[in-house]
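A quick write-up on the structure given underneath.
The values are calculated or read from the model by the stated rules, or taken from the named source; none is laboratory data. Everything numeric here is computed off the predicted structure, so don't read it as measured data. We place every Cβ from the backbone using ideal geometry, glycine too, and count neighbours over all the protein chains shown. Ligands, DNA and RNA are excluded from the accessible area calculation, which covers all protein heavy atoms including side chains. Shrake-Rupley method; radii C 1.70, N 1.55, O 1.52, S 1.80 Å.
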Amino acid sequence: MDPYGFERPDGFDHATYNRFVSGYLGVLARRKQRWEQRLRPTEKNIGHSAKVKRYVRKGIPTEYRKLVWLVSSGANGKKLDNPGLYRSLLQSDERDEQAIDVIRTDVPRTFPENVHFRHPDEGLLPSLYNVLVAFVRYRPEIGYCQGLNYVAGVLLLVVREEEPAFWLLTVLVDNVLPDYYSCGMRGLLVDTEVLSQLIRNRNLELHVHLEQIGVSWPVIFTKWFICLFVDFLPIDTVLRVWDCIFYEGSKIIMRTGLTIVLANADRLMRCEDIGDVVSCLRSYASSEAAVDCHAFLKSIFKVPKKINSKEISRLRKKYADRIPK
C-alpha cells in the first residue's frame, strides 16, 4: 500500500519504485526545508512570482500542499468571499434527483483499491458524496459529469476536508478546465484538437503515422483531460503535475500530455493500430520514467520545448471556431 492508501497492483515493480524513493527522500527533505523558510512568517509569500513558480515546479511537500493549492489557485479567496455557502448548498432542498442518483451510483465505484474509499459510511466516501452534491447545486448548468468523482476524490486525499476540496474543485472546473464538463464537452473537444496540433508542430512524422493507423485523438486524450491524469500516471506524479496546474493553469495539462506522447515517439512509430498505441502508453505509465515524479516533472518543461499561453489561446480560438456550439 502506498502513502495515499492505494493498494499496489499485481505485478507492481517494487525494485523500480524503491530505487526511485531512495533518491527522492533527499529531494523531499531539501524541498521541505526550502518551503518552511518560504512560508515563514506568512502565507502571503505564496504569491505569483518566478521564485515561487520554481519552488512549485520542484515539488510541494505533502504537509504544505493543501495550503499552497488553496492560496495559489484562488480557492481560498473564493471560500472567504462566500462564507457558509458550502453548508447551505448541502442543506438546500433543491430538487436535483437525477444528478444525485448518478452520484450515488458513482461514489462507491471511486477508487475501490484505496482503503479510504471502501466503506460507504466512513472514510472519505461520505465526504466525496457531499462535495459532488454541493458542486451540482453550485453549478446546476453543468450538473454531474463522470470523472468529477476521481478529481474530487484526489482532492479529498490531499486536503482531507470537504469545503476546501469543494472550492478547489470549483477552481478547476471554472478556471482551469472551462467547458470540459459542460453539456457537449466543447472545451474538451477543443483541447483535444489543440494537443493534436501541438504534437503535429513538434513531430510531424509521428502525427502523420498515428493518423494513418487510425488513431482517434479523443480516445487517447479524453480520460487524461477529464480526470487530470488520475488512473493513468502514478499518484505521486499526478500530485506533482497538479501542483503546477493549480499554480500555472491549463498549459501544464498540454505540457504533460505532449511529454507523454513525445517521450514514446520511437515506440509509437512501431505501433500498427490503436490497440498497440494504448498498450504502449499504458506500459509507459508504469515505467520508471513515469514513476520517478521528480524526473517526470523536469521532462514536461524540457521535452515539449517552449509552450506559452498565447500559443494555446490561439489554437483554442482556431478550433473553437470549427466546433459547433
Looking only at the stretch 226-246, count every residue that is more than 26 Å from residue 8 (Cβ to Cβ) and modelled with pLDDT under 95 and tell me the total. 0
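Just to be sure I understand, how many residues within the stretch 13-22 are in contact (Cβ under 8 Å) with a residue 12 or more places away in the chain and either open to solvent by 40 Å² or more (accessible area, probe 1.4 Å) or touching a Lys or Arg at 6+ places or on another chain (Cβ under 8 Å) (or both)?
Taking the stretch 13-22 as the starting set, the residues that turn out to be in contact (Cβ under 8 Å) with a residue 12 or more places away in the chain are 13, 16-17, 19-20.
Still in the list and also either open to solvent by 40 Å² or more (accessible area, probe 1.4 Å) or touching a Lys or Arg at 6+ places or on another chain (Cβ under 8 Å) (or both): 13, 19.
Within the stretch 13-22, residues that are in contact (Cβ under 8 Å) with a residue 12 or more places away in the chain and either open to solvent by 40 Å² or more (accessible area, probe 1.4 Å) or touching a Lys or Arg at 6+ places or on another chain (Cβ under 8 Å) (or both) number 2.
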Matching entry among 194, 215 (being more than 18 Å from residue 146 (Cα to Cα), of a type in the set (Val, Ile, Thr) and either outside any helix (DSSP H, G or I) or touching a Pro at 6+ places or on another chain (Cβ under 6 Å) (or both)): 215
Test result for residue 98, part of a loop (DSSP other than H, G, I, E, B) and open to solvent by 80 Å² or more (accessible area, probe 1.4 Å): no
Return yes when residue 208 is more than 23 Å from residue 89 (Cα to Cα) and free of Cβ contacts under 8 Å to residues at least 12 places away in the same chain and no when it is not. yes
Which of the residues that make up the stretch 107-152 are open to solvent by less than 10 Å² (accessible area, probe 1.4 Å), part of a helix (DSSP H, G or I) and not hydrophobic (A, V, I, L, M, F, W, C)? 149
Can you tell me which residue within the stretch 308-325, out of those that are within 20 Å of residue 262 (Cβ to Cβ) and at pLDDT 85 or above, is most open to solvent (accessible area, probe 1.4 Å)? 311
Return the only residue of 291, 230 being under 21 Å from residue 171 (Cβ atoms) and touching a residue at least 24 places away in the same chain (Cβ under 8 Å). 230
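Looking only at residues in the stretch 29-47 that are open to solvent by 70 Å² or more (accessible area, probe 1.4 Å) and either touching a strand residue (DSSP E or B) at 6+ places or on another chain (Cβ under 9 Å) or in a helix (DSSP H, G or I) (or both), which one is nearest to residue 231 (Cα to Cα)? Give the steps one after another, and end with the answer.
Of the residues in the stretch 29-47, the ones open to solvent by 70 Å² or more (accessible area, probe 1.4 Å) are 30, 32-34, 37, 40-41, 43-44.
Among the residues that remain, those that are also either touching a strand residue (DSSP E or B) at 6+ places or on another chain (Cβ under 9 Å) or in a helix (DSSP H, G or I) (or both) are: 30, 32-34, 37, 43-44.
Details: 30: 29, 32: 27, 33: 31, 34: 31, 37: 34, 43: 32, 44: 34 Å.
In this case the residue turns out to be 32.
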Being open to solvent by less than 30 Å² (accessible area, probe 1.4 Å) and farther than 21 Å from residue 109 by Cβ is the filter here; which residues of the stretch 153-164 pass it? 159, 164
Can you spot a residue in the stretch 289-302 that is assigned to a loop (DSSP other than H, G, I, E, B) and touching a Leu at 6+ places or on another chain (Cβ under 8 Å)? no
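Here is a yes/no grid of residues against (1) within 23 Å of the chain's Cα centre (by Cα); (2) closer than 21 Å to residue 290 by Cα; (3) hydroxyl-bearing (Ser, Thr, Tyr):
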residue	(1), (2), (3)
8	yes, yes, no
24	yes, yes, yes
30	no, no, no
57	yes, yes, no
69	yes, no, no
78	yes, no, no
85	no, no, no
98	no, no, no
Which of the residues spanning the stretch 99-129 are more than 20 Å from residue 181 (Cβ to Cβ) and among the aromatic types (Phe, Trp, Tyr)? 117
